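Asker: Quick one: the structure is below, and I'll ask about it shortly.
The values are calculated or read from the model by the stated rules, or taken from the named source; none is laboratory data. Everything numeric in this text was worked out from a predicted model, so none of it was measured. Every residue, glycine as well, gets a Cβ built from its backbone with ideal geometry; the counts of neighbours run over all protein chains shown.
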Amino acid sequence: MIEALDVGKRFGKVTALDSVSLEVPRGSVLGLLGHNGAGKTTLVNILATMITPSSGTARVAGYDVVSDGSKVRQRIGLTGQFASVDEDLTGMANLVLIARLLGAGRQQARERADELLAAFDLSDAATRPVQGYSGGMRRRLDLAASLVGQPEVVFLDEPTTGLDPVSRNAMWAVVQRLVGDGTTILLTTQYLEEADRLADSIVVLSHGRVVAAGTSAAMKAGLGRRTVTARLRTNLEALDARTVLERGGLAPALDESRDSLIVPVQGFQDLSTIVRLLGEARIEPAEVALTEATLDDVYLALAADEHKVSV
Amino acid sequence: MVDTVQPVRTGPAPSATAWHGSGVGTQIVILAGRAVRPVFLRPSRLVVSLIQPFVMLGLFSQVFRSMADTPLFPPDVSYINYLVPAILFTTATTVSAQAGVGMTSDMRNGVLARFRSMPVRTFSVLTARSIADLARGALELTVMIIMALLIFGFDPPGGLLGTAVAMLLALAVGWSLGWLFLALATWLRGSENVQACGILITMLLQFASSAFVPVASMPTYLRAVATVNPLSYGIDAARGLILGRPVGTSVVGTLAICLVLSAVCSVLAARGLDRTGR
């Protein structure tokens, strides 16, 4: 449904995307994971025909994004990082406007708007101008707006960034239902947890390049659901500790700036193993913590893999 | 909270029932309606935009009244009759600058980005904005002429017909200048730039013209600007119409300038909007 082949984009001298390839089968969800500036939004904008790629080709819903842009635009919905709704209009008027522009009749447009407002829990606010909406309400309206035409492909660019936990959960529920209805989704996020929950497969983007790709299950298996962070007193100790843990069969990644080791683990058992191994080697860490894996850990784990290959 | 409500059609529509975009005409009507709406949604905006011509009329008819006593001023003409054609054009110019500001705010708040990800043409977006401001201009100018007639002693020798044609001419000039401001907005981005540029250009167009004083009374360098200023042509033509004097080719000339200006600027505006490149 979405295919990108060697897509590159330069802005002047800055390379925002460098030969990115990915594929999203019909009815599945791809999580595009990366930090700010990794190139996520640039890729989404190319696929949504907002900007043209400098190199490579991409097809969405069977049409080339450059030569068949208008066909693509008829089949996609885009929810950007910032809610793109008209502040002056009511929630209802915003959705009716979109429906009418897509070719719906007056009556059809109203019905569709009513339906979406109810589904997104905005019926009570339907006749109020968007100006008075909360951040979460705006995002929901924005998402509703991109679903008016029942698109085959939906792009969600950081749909939950800046939302409180309640709004975030509501957003997740909506996305999960979309998936159930057979919509193909490309979702960008900075949160591993989000990609893990919503996406069938994950592509990790860093400095405009794909650094890892796979199913979320494979990614998790490689990384572990949780990590243990062990902060050592000196850099030398950190290096020693890494050797010790590697001998013990673990895969620690070294974060040199913080003299810390980040160790993907399967559970509590591994935590005690780490403590035991370090104890036996008479290395006393300043701090040991068991945490949920974060995007940083993914990057560090990927860097650790490269380290292993080079050794 | 969201998943407790009744099922909704969210998945892809069967292609037979899918909406694949409306025609350009429908797009323009819908988008123009949207652009006009806020004026009526917020009464304060409407009131402010209607007070403006009133203040202009009052201010200029008092401040520049003594102009009528100077030797360069055409004899047998009351200053208010001389002034109204000018204010028609300066008001139309101010309204057209609003087109640029409106476009800038659409570009900033992401509404434009949404339209661009939809099957909506760039041309429709721009035309809708310019038509909306044309409608607003028509409203303001009509109110102004009524005020001038009722309160300020405006008594056009050219009659109401001449006045109406002059008003249409002012709207034509305002509309083509609207395209200029739209082009500026799409190239400059950033609302402060557009605002500042808009004020500068409107000031220059309004004052370095035959609007308030005869061009002959200006120093040479200003006279040069005033002679090439499209507003001068429009105002001269409108003045002829309102004062009931022969207008010669000035009406046709003004319309020709409008045509060229809007043709060039509409292309520039569309290019500016698509600049980040579809």
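Asker: Give the residues of the range A:81-122 that are more than 7 Å from chain B (Cβ to nearest Cβ), without any contact (Cβ under 8 Å) to a residue 40 or more places away in the chain and not charged (D, E, K, R), sorted by residue number.
Answerer: A:MET92, A:ALA93, A:VAL96, A:GLY105, A:GLN107, A:GLN108, A:ALA109, A:ALA113, A:LEU117, A:LEU122, listed by residue number.
Asker: Here's a follow-up. Residue check, A:GLY69 against (1) within 7 Å of chain B (Cβ to nearest Cβ); (2) in contact with a helix residue (DSSP H, G or I) (Cβ under 8 Å, 6 or more places away or on another chain), all met but one. Which one?
Answerer: Answer for A:GLY69: the failing condition is (2).
Asker: Tell me, please, whether a residue that is at the interface with another protein chain (Cβ under 10 Å from one of its Cβ atoms), in contact with a helix residue (DSSP H, G or I) (Cβ under 9 Å, 6 or more places away or on another chain) and surrounded by fewer than 19 Cβ atoms within 10 Å (Cβ to Cβ) can be found in the range A:136-159.
Answerer: no
Asker: May I ask you to say which residue of A:ARG242, A:ARG233 is at pLDDT 85 or above, over 24 Å from the mean Cα position of the chain (by Cα) and part of a loop (DSSP other than H, G, I, E, B)?
Answerer: Details: A:ARG242 fails: part of a loop (DSSP other than H, G, I, E, B).
Answer to the selection: A:ARG233.
Asker: Turning to a different aspect of this structure: Taking the range B:61-101, which residues are of a type in the set (Val, Ile, Thr) and part of a helix (DSSP H, G or I)? Talk me through it step by step, then tell me what you get.
Answerer: Taking the range B:61-101 first, the residues of a type in the set (Val, Ile, Thr) are B:63, B:70, B:77, B:80, B:84, B:87, B:90-91, B:93-95, B:101.
Within the range B:61-101, B:VAL63, B:ILE80, B:VAL84, B:ILE87, B:THR90, B:THR91, B:THR93, B:THR94, B:VAL95, B:VAL101 qualify.
Asker: In the range A:175-204, which residues are assigned to a strand (DSSP E or B) and either within 14 Å of chain B (Cβ to nearest Cβ) or more than 14 Å from the chain's Cα centre (by Cα) (or both)? Break it down stepwise before answering.
Answerer: Step one: filter the range A:175-204 for residues assigned to a strand (DSSP E or B), giving A:184-189, A:201-204.
A:THR184, A:ILE185, A:LEU186, listed by residue number.
Asker: Taking the range B:172-198 as the search range and keeping residues that are under 13 Å from the mean Cα position of the chain (by Cα) and surrounded by fewer than 24 Cβ atoms within 10 Å (Cβ to Cβ), which one is nearest to B:ALA269 (Cα to Cα)?
Answerer: Keep residues of the range B:172-198 that are under 13 Å from the mean Cα position of the chain (by Cα), which gives B:172-182, B:198.
Those still in the list that are surrounded by fewer than 24 Cβ atoms within 10 Å (Cβ to Cβ) too: B:172, B:175.
Working: B:ALA172: 18, B:TRP175: 14 Å.
Restricting to residues being under 13 Å from the mean Cα position of the chain (by Cα) and surrounded by fewer than 24 Cβ atoms within 10 Å (Cβ to Cβ), the top hit is B:TRP175.
Asker: Quick check on A:ARG59: is it over 22 Å from B:ALA128 (Cβ atoms), more than 7 Å from chain B (Cβ to nearest Cβ), under 22 Å from the mean Cα position of the chain (by Cα) and of a type in the set (Lys, Arg)?
Answerer: Values: over 22 Å from B:ALA128 (Cβ atoms): yes; more than 7 Å from chain B (Cβ to nearest Cβ): yes; under 22 Å from the mean Cα position of the chain (by Cα): yes; of a type in the set (Lys, Arg): yes.
Against the criterion (over 22 Å from B:ALA128 (Cβ atoms), more than 7 Å from chain B (Cβ to nearest Cβ), under 22 Å from the mean Cα position of the chain (by Cα) and of a type in the set (Lys, Arg)), A:ARG59 qualifies.
Asker: Looking at B:PRO119, B:PRO156, which is the one that is touching a His at 6+ places or on another chain (Cβ under 7 Å) and in contact (Cβ under 8 Å) with a residue 60 or more places away in the chain?
Answerer: Details: B:PRO156 fails: touching a His at 6+ places or on another chain (Cβ under 7 Å).
The conditions single out B:PRO119.
Asker: Still on this structure, please answer the following. With B:SER209, B:SER232 as the choices, which residue is buried (at least 17 other Cβ atoms within 10 Å of the Cβ) and in a loop (DSSP other than H, G, I, E, B)?
Answerer: Details: B:SER232 fails: in a loop (DSSP other than H, G, I, E, B).
When all the criteria are applied, what remains is B:SER209.
Asker: Something else about it: In this structure, does B:ALA216 turn out to be farther than 26 Å from B:VAL252 by Cβ, surrounded by fewer than 19 Cβ atoms within 10 Å (Cβ to Cβ) and not polar (S, T, N, Q)?
Answerer: Working: farther than 26 Å from B:VAL252 by Cβ: no; surrounded by fewer than 19 Cβ atoms within 10 Å (Cβ to Cβ): yes; not polar (S, T, N, Q): yes.
Answer is no for this residue.
Asker: Follow-up. Of the residues that make up the range A:108-127, is at least one modelled with pLDDT under 90, farther than 19 Å from A:THR184 by Cα and among the basic types (Lys, Arg)?
Answerer: Within the range A:108-127 (the criterion being modelled with pLDDT under 90, farther than 19 Å from A:THR184 by Cα and among the basic types (Lys, Arg)), the answer is no, since none of the residues qualifies.
Asker: Of everything in the range A:72-95, what is more than 13 Å from A:ASP142 (Cα to Cα) and either touching a His at 6+ places or on another chain (Cβ under 9 Å) or among the β-branched types (Val, Ile, Thr) (or both)? Give them in sequence order.
Answerer: Selection gives A:VAL72, A:GLN74, A:ARG75, A:ILE76.
Asker: Here's something else I'd like to know. Do any residues in the range B:20-42 that are more than 7 Å from every other protein chain (Cβ to nearest Cβ) have Cβ atoms under 9 Å from those of residues that are of a type in the set (Phe, Trp, Tyr) and part of a helix (DSSP H, G or I), where the two are at least six apart or on different chains, and which pairs are they?
Answerer: Final answer for the pair search is B:VAL24/B:PHE123; B:ILE28/B:PHE123; B:LEU31/B:PHE115.
Asker: From the list B:LEU268, B:LEU182, B:LEU255, B:LEU222, which one is under 26 Å from B:PHE154 (Cα atoms) and assigned to a helix (DSSP H, G or I)? Working first, answer last.
Answerer: On the way: B:LEU268 fails: under 26 Å from B:PHE154 (Cα atoms); B:LEU182 fails: under 26 Å from B:PHE154 (Cα atoms); B:LEU222 fails: under 26 Å from B:PHE154 (Cα atoms).
Sole residue among the options that is under 26 Å from B:PHE154 (Cα atoms) and assigned to a helix (DSSP H, G or I): B:LEU255.
Asker: How many residues, within the range A:73-82, are assigned to a loop (DSSP other than H, G, I, E, B) and at pLDDT 85 or above? Full working, then the answer.
Answerer: Just the residues of the range A:73-82 that are assigned to a loop (DSSP other than H, G, I, E, B), to begin with: A:74-75, A:80-82.
Among the residues that remain, those that are also at pLDDT 85 or above are: A:74-75.
Residues that pass the stated criteria total 2.
Asker: Specify the residue that is farthest from the other protein chains (Cβ to nearest Cβ); the eligible residues are those in the range A:9-51 that are at negative phi and of a type in the set (S, T, N, Q).
Answerer: Checked the range A:9-51; the qualifying residue farthest from the other protein chains (Cβ to nearest Cβ) is A:SER21.
Asker: Continuing with this model, one more query. Taking the criterion of being more than 24 Å from B:ASP155 (Cβ to Cβ), at pLDDT below 75, of a type outside the set (Gly, Ala, Ser) and outside any helix (DSSP H, G or I), would at least one residue in the range B:43-55 satisfy it?
Answerer: no
Asker: Taking the range A:48-72, which residues are charged (D, E, K, R) and part of a strand (DSSP E or B)?
Answerer: Of the range A:48-72, the ones charged (D, E, K, R) are A:59, A:64, A:68, A:71.
Scanning the range A:48-72 gives A:ARG59, A:ASP64.
Asker: Now, a different point. In the range B:237-252, what residues are among the aliphatic types (A, V, I, L, M), surrounded by 19 or more Cβ atoms within 10 Å (Cβ to Cβ) and in a helix (DSSP H, G or I)? Reasoning before the result, please.
Answerer: From the range B:237-252, those among the aliphatic types (A, V, I, L, M) are B:237-238, B:241-243, B:247, B:251-252; that's our starting set.
Those left that are additionally surrounded by 19 or more Cβ atoms within 10 Å (Cβ to Cβ): B:237-238, B:241-243, B:247, B:251.
Passing the criteria: B:ALA237, B:ALA238, B:LEU241, B:ILE242, B:LEU243, B:VAL251.
Asker: Can you tell me how many residues within the range A:173-193 are buried (at least 19 other Cβ atoms within 10 Å of the Cβ) and closer than 19 Å to A:ASP142 by Cα?
Answerer: Counting residues in the range A:173-193 that are buried (at least 19 other Cβ atoms within 10 Å of the Cβ) and closer than 19 Å to A:ASP142 by Cα gives 11.
Asker: Same structure, new question: Select from the range A:238-296 the residues that are basic (Lys, Arg) and over 30 Å from A:GLY37 (Cβ atoms) and list them in ascending order. Please lay out each step first, then the result.
Answerer: Let us first name the residues in the range A:238-296 that are basic (Lys, Arg), namely A:242, A:247, A:258, A:276, A:282.
Of everything in the range A:238-296, those that are basic (Lys, Arg) and over 30 Å from A:GLY37 (Cβ atoms) turn out to be A:ARG247, A:ARG276, A:ARG282.
Asker: Moving on to the next point. Just for the range B:1-42: of the residues that are at pLDDT 70 or above and among the hydroxyl-bearing types (Ser, Thr, Tyr), which one is surrounded by the fewest Cβ atoms within 10 Å (Cβ to Cβ)?
Answerer: Ranking the qualifying residues of the range B:1-42, first place goes to B:THR26.
Asker: Examine the range B:152-159 for a residue that is assigned to a helix (DSSP H, G or I) and either farther than 30 Å from A:VAL65 by Cβ or within 14 Å of chain A (Cβ to nearest Cβ) (or both), and state whether such a residue exists. Don't jump to the end; show me each part of the working.
Answerer: First, the residues of the range B:152-159 that are assigned to a helix (DSSP H, G or I): B:159.
Next cut, either farther than 30 Å from A:VAL65 by Cβ or within 14 Å of chain A (Cβ to nearest Cβ) (or both) only: B:159.
Yes, the range B:152-159 contains at least one residue that is assigned to a helix (DSSP H, G or I) and either farther than 30 Å from A:VAL65 by Cβ or within 14 Å of chain A (Cβ to nearest Cβ) (or both).
Asker: I'd like the residue in the range B:246-263 that is free of Cβ contacts under 8 Å to residues at least 24 places away in the same chain and in contact with a helix residue (DSSP H, G or I) (Cβ under 8 Å, 6 or more places away or on another chain) and, out of all such residues, is farthest from the other protein chains (Cβ to nearest Cβ). Full working, then the answer.
Answerer: Here is the first cut: in the range B:246-263, the ones free of Cβ contacts under 8 Å to residues at least 24 places away in the same chain are B:246-250, B:252-253, B:256, B:260, B:263.
From the residues that got through so far, the ones that are in contact with a helix residue (DSSP H, G or I) (Cβ under 8 Å, 6 or more places away or on another chain) too are B:246-248, B:250, B:253.
On the way: B:PRO246: 47, B:VAL247: 41, B:GLY248: 45, B:SER250: 40, B:GLY253: 39 Å.
Ranking the candidates gives B:PRO246 first.
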